[in-house]
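The values are calculated or read from the model by the stated rules, or taken from the named source; none is laboratory data. Since the model is a prediction, treat every value here as computed from it, not as a measurement. Here the Cβ positions follow ideal geometry from the backbone for every residue, glycine too, while neighbour counts run over all protein chains shown.
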């Protein structure tokens, strides 16, 4: 058994971005070099900002390279529940933001020529009981009616062509969702950041941030202090005790994925 993330192990070698001298003054310090931090750094640098990115581990060493490699559309709750909770217009805005996010990933892959096997293969949600298939039918109607999002209903007899199994009672196929190799994606995003002028400092944890009398910030790191006009905390579930206010805003839940050895055609 290996505990190293599959995406990191199969992404190829990452360069060592540790031990470099720190720039003492910059426009923006981004703390955390996962997908959020890398995207923030890249888009800010594209707009002309001087950006320094600090990471206590390695690029993508947290959740960004430990996920399922899926860029999906859709709520984790039902369409009707979302409309009741947020109202139709707000629910529509939230739902559309998922599509915009997947589009953004695809655009970055193309603009920066990131070799990460990005493919719009779609997402198939299967029904383990007949009643679940009826729910899929209702979901398809609601997505089309309220959000203008077209999906494909796959009956039980057609499902084998999708998954090679008769164990389920049908499914709903969303053709706009995508899959990608997230290890290669975070590596490509880091390279894009550096091409745009972002300074990346790995193995250099931020240990404190304070606002100065002049309204700027001082970011204390293990290797020195950086002064900046703005700070973006992109540490998410990996926020530590040095930032207690932000840490209190998080509720961390475990999610576990196991990858097998390659399976032969017969199996």
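Out of 28, 53, 42, which single residue is assigned by TED's automatic domain parsing to the domain that holds residue 207, in contact with a helix residue (DSSP H, G or I) (Cβ under 8 Å, 6 or more places away or on another chain) and either in a helix (DSSP H, G or I) or on the phi > 0 side of the Ramachandran plot (or both)?
42
Kindly state which strands (runs of 3 or more DSSP E) lie completely within the stretch 111-210 and contain at least 1 residues that are touching a residue at least 60 places away in the same chain (Cβ under 8 Å) and over 22 Å from residue 52 (Cα atoms).
171-174
Applying the selection to the stretch 194-222, what residues are surrounded by 13 or more Cβ atoms within 10 Å (Cβ to Cβ) and either closer than 19 Å to residue 238 by Cβ or outside the structural domain of residue 43 (by TED's automatic domain parsing) (or both)?
The answer is 200, 201, 202, 203, 204, 205, 206, 207, 209, 219, 220, 221.
So, of the residues in the stretch 1-15 that are assigned to a loop (DSSP other than H, G, I, E, B), touching a residue at least 12 places away in the same chain (Cβ under 8 Å) and closer than 28 Å to residue 246 by Cβ, which turns out to be nearest to the chain's Cα centre (by Cα)? Reasoning before the result, please.
Taking the stretch 1-15 and keeping what is assigned to a loop (DSSP other than H, G, I, E, B), we get 1-5, 10-15.
The next check asks that each one be touching a residue at least 12 places away in the same chain (Cβ under 8 Å); those that pass are 5, 10-12, 14.
Next, only the ones that are closer than 28 Å to residue 246 by Cβ stay: 5, 14.
On the way: 5: 15, 14: 19 Å.
Across the stretch 1-15, the extreme among qualifying residues is 5.
Considering only the stretch 76-83, I want to know if a residue exists there that is without any contact (Cβ under 8 Å) to a residue 12 or more places away in the chain, in a helix (DSSP H, G or I) and outside the structural domain of residue 227 (by TED's automatic domain parsing).
Yes - at least one qualifying residue is present in the stretch 76-83.
Being loosely packed, with under 13 Cβ neighbours inside 10 Å and more than 21 Å from residue 68 (Cβ to Cβ) is the filter here; which residues of the stretch 161-181 pass it?
161, 166
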